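Read through the structure below, which is laid out as structure tokens, and then see the notes.
The values are calculated or read from the model by the stated rules, or taken from the named source; none is laboratory data. Please read these numbers as outputs of a predicted model, since none were measured by experiment. Quick reminder, even Gly has a Cβ in these numbers, built from the backbone with ideal geometry, and neighbours come from all protein chains shown.
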Amino acid sequence: MRYFRTFFALCCLIPSATVVMADNPTAIHLSPSDNWFDVLNGTSLNPGDEVVLSAGTYSDSRRLSFRSFGTAENPIIVRASEGVSVTITRPNASQNVMNVEGAQYVTFRGLDIVGGSAGIRIQRQSGRQPTSLTFEDMVIRNTASGGITANQSGTTYDGLIFRRNEIANVGGLAGLYLGCNNASGGATACEFKNGLVEENYVHDLGGGVGDGIQIKDGSFNNIIRDNVVVNTGVGGSVGILVYGTDGNARNIIEGNVIWNSGDNAIQAASEATIRNNIIFSSGPGFNGIASQPHQSAIPGNLTIVNNTVFSTGGDDVLDINYGGPLSGPIIVANNALYATQGGRAIRVPSSGDVTVVGNVGVGSDSPGSLSNDPSAWNPTGNLLADFGNFASMDSFPIAGSNLIGAGDATYQPAVDFNGVSRAGTNDVGAYRYDPNGNPGWQISSAFKEFPTLVAGDFDNDGDVDGADFLAWQRDGLSATDLAAWEANFGMTFPTATAISVPEPTPGAMLLLGAIGSMRLWTRRRA
């Protein structure tokens, strides 16, 4: 009865929402022996349709072109049945496994995409632009020329979400290749905007050139956060790469962890905010964080704050390599930067609007390489004295670390790598120091996870509400956890903050998720 009362209370939170039963009677249930290809191919689906695929392998040699489109009020869902493995593949790499063409307001969830040229290629169709597409809880693997690509010339990609996907062993372009070269190039250009790339695990991309996550020239207002990028291609492959936005809203790169990239770990030409990232190594001769001219973008309008970066390749940890006039101001603040093989910790232009303040670490720096104010650099960091077991990728500050309280308050982000509030602290690097140790995820080759900061606040957004009930249901937590949620329901806590993520009709989606097992991934950032 207690669970029924809890569920009833949740329903009452949103009285205007439409109740949809978990076993949706209108869902289209398919198995590999059914005519699944004709359902997914073309425009056979209507707004509001839900396709549920049962366990098994779905393979066909024909070109699969998904062209159906929903609406904001009635999106289309294509998903695996709960708790089963659904593989979509093809017998060779002469074509992509799935072409998503002109689709709008569609969610793809829980599918294993294997083989083909690219796993998924997103394009327009007859003038209809790809809009508001979500790809979540997918696996993309063993492809010949990229994981997911959205790079058709003349196409506008607006509001695409890539969330908690595993992308591995994909050759060619990148794990995620979003946008086109030379956005100002007329008909040959394309635009990727208002996108969200979060909590993906991109790893072991194989030989040749293959960046982890690449967002191309002119693409803007995108968020790349909380991804784990490991072992990009050995032929000169960046972990996370953005170019410039051509004067539009900047891109944000935050909360990611990267190691063993074949090139620079993070590279941003201009108009980007880079914060709370952790980098362990980059390719020999490359940098942890780098900026240089790239196509139409000239370095400038960069904010690089509170990152923790270790360079083991002998080159610079943070390198803005440009001697001409900057396109805008550059801020380098509160970063923990360690050149472990004799490289420089910071290399920035010695002229122009450059602020270097509150950084701590180790490097063979000289005043000429530290902008106009070498006193802004504190070279007193010590790798062994500042961190715990560095060999096991523990980059959380220990007691007495030089990073504690050494930053500049002007440039502190609201939260840290874990999503923990930084209020009242000025710690350097990606973490807020805690005398009890790291309250969050221990970095490993896996998806990034987040700490539960308050009993019942399972999504760590600073309050206990219906979204936490969804997290309890989704993650299979215990009756004890549910009791904590009930006890603290309605309470708010100032120790954690949240960021809003674009989701259609939040009120209705909340109840739809609780009852229909639709995952609503909430955020822990500000």
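Give just the number: which of (1) touching a Lys or Arg at 6+ places or on another chain (Cβ under 6 Å); (2) more than 25 Å from GLN152 (Cβ to Cβ) does SER54 not satisfy?
The failed condition is (1).
Just name the residue that is surrounded by the most Cβ atoms within 10 Å (Cβ to Cβ) out of those in the stretch 66-100 that are over 15 Å from VAL39 (Cα atoms) and charged (D, E, K, R).
The extreme case among them is ARG90.
I'd like to verify a number: residues in the stretch 269-311 that are part of a strand (DSSP E or B) and in contact (Cβ under 8 Å) with a residue 60 or more places away in the chain, how many? Give the steps one after another, and end with the answer.
Of the residues in the stretch 269-311, the ones part of a strand (DSSP E or B) are 270-275, 278-279, 289-291, 294, 297, 300-305, 308-311.
Pick out the ones that are also in contact (Cβ under 8 Å) with a residue 60 or more places away in the chain and you get 275, 278, 294, 297, 303, 305, 308, 310.
Here the count works out to 8.
Residues that are among the polar types (S, T, N, Q): find the strands (runs of 3 or more DSSP E) completely inside the stretch 54-131 holding 2 or more of those. Even if it seems obvious, please write down each step before you answer.
Details: elements: 56-59, 76-80, 86-89, 98-101, 104-109, 112-114, 120-123.
Result: 56-59, 86-89, 104-109.
Regarding the stretch 229-245, can at least one residue be identified that is assigned to a strand (DSSP E or B) and among the hydroxyl-bearing types (Ser, Thr, Tyr)? Give the derivation first.
Start the filter on the stretch 229-245 by keeping residues that are assigned to a strand (DSSP E or B), which leaves 229-230, 240-242.
After this cut, where a residue has to be among the hydroxyl-bearing types (Ser, Thr, Tyr) as well, the list is none.
So far as the stretch 229-245 goes, no, none of its residues is assigned to a strand (DSSP E or B) and among the hydroxyl-bearing types (Ser, Thr, Tyr).
Just give me the residues in the stretch 111-133 being closer than 13 Å to TYR58 by Cβ and within 23 Å of the chain's Cα centre (by Cα), in sequence order.
Let us first name the residues in the stretch 111-133 that are closer than 13 Å to TYR58 by Cβ, namely 111-116.
Scanning the stretch 111-133 gives LEU111, ASP112, ILE113, VAL114.
Can you find, within the stretch 281-296, the residue that is surrounded by the fewest Cβ atoms within 10 Å (Cβ to Cβ) among those that are modelled with pLDDT under 90 and within 23 Å of LEU403 (Cβ to Cβ)?
Ranking the qualifying residues of the stretch 281-296, first place goes to SER281.
Can you spot a residue in the stretch 1-24 that is more than 30 Å from ASP465 (Cα to Cα) and either at pLDDT below 95 or touching a strand residue (DSSP E or B) at 6+ places or on another chain (Cβ under 6 Å) (or both)? Please lay out each step first, then the result.
Narrowing the stretch 1-24 to residues more than 30 Å from ASP465 (Cα to Cα): none.
The answer is no; no qualifying residue exists.
For the stretch 299-306, check the following and say yes or no: at least one residue is in contact with a helix residue (DSSP H, G or I) (Cβ under 8 Å, 6 or more places away or on another chain), at pLDDT 95 or above and of a type in the set (A, V, I, L, M).
Yes, some residue in the stretch 299-306 is in contact with a helix residue (DSSP H, G or I) (Cβ under 8 Å, 6 or more places away or on another chain), at pLDDT 95 or above and of a type in the set (A, V, I, L, M).
Taking PHE390 and the conditions (1) over 13 Å from VAL332 (Cα atoms); (2) at pLDDT 90 or above, which numbered condition does it fall short on, given that it satisfies the others?
Condition (2) is where PHE390 drops out.
Specify which of the listed residues (ASN227, ASN306) is in contact with an Asp or Glu (Cβ under 9 Å, 6 or more places away or on another chain), over 24 Å from GLY146 (Cβ atoms) and not aromatic (Phe, Trp, Tyr).
The match here is ASN306.
Could you check the stretch 92-101 and list, in sequence order, the residues that are more than 24 Å from the chain's Cα centre (by Cα) and of a type outside the set (Ser, Thr, Tyr)? Can you show your working first?
At the first step, the residues of the stretch 92-101 found to be more than 24 Å from the chain's Cα centre (by Cα) are 92-95.
Across the stretch 92-101, the qualifying residues are ASN92, ALA93, GLN95.
I'd like the full set of residues that are at pLDDT 95 or above and touching a strand residue (DSSP E or B) at 6+ places or on another chain (Cβ under 6 Å), limited to the stretch 307-329.
THR308
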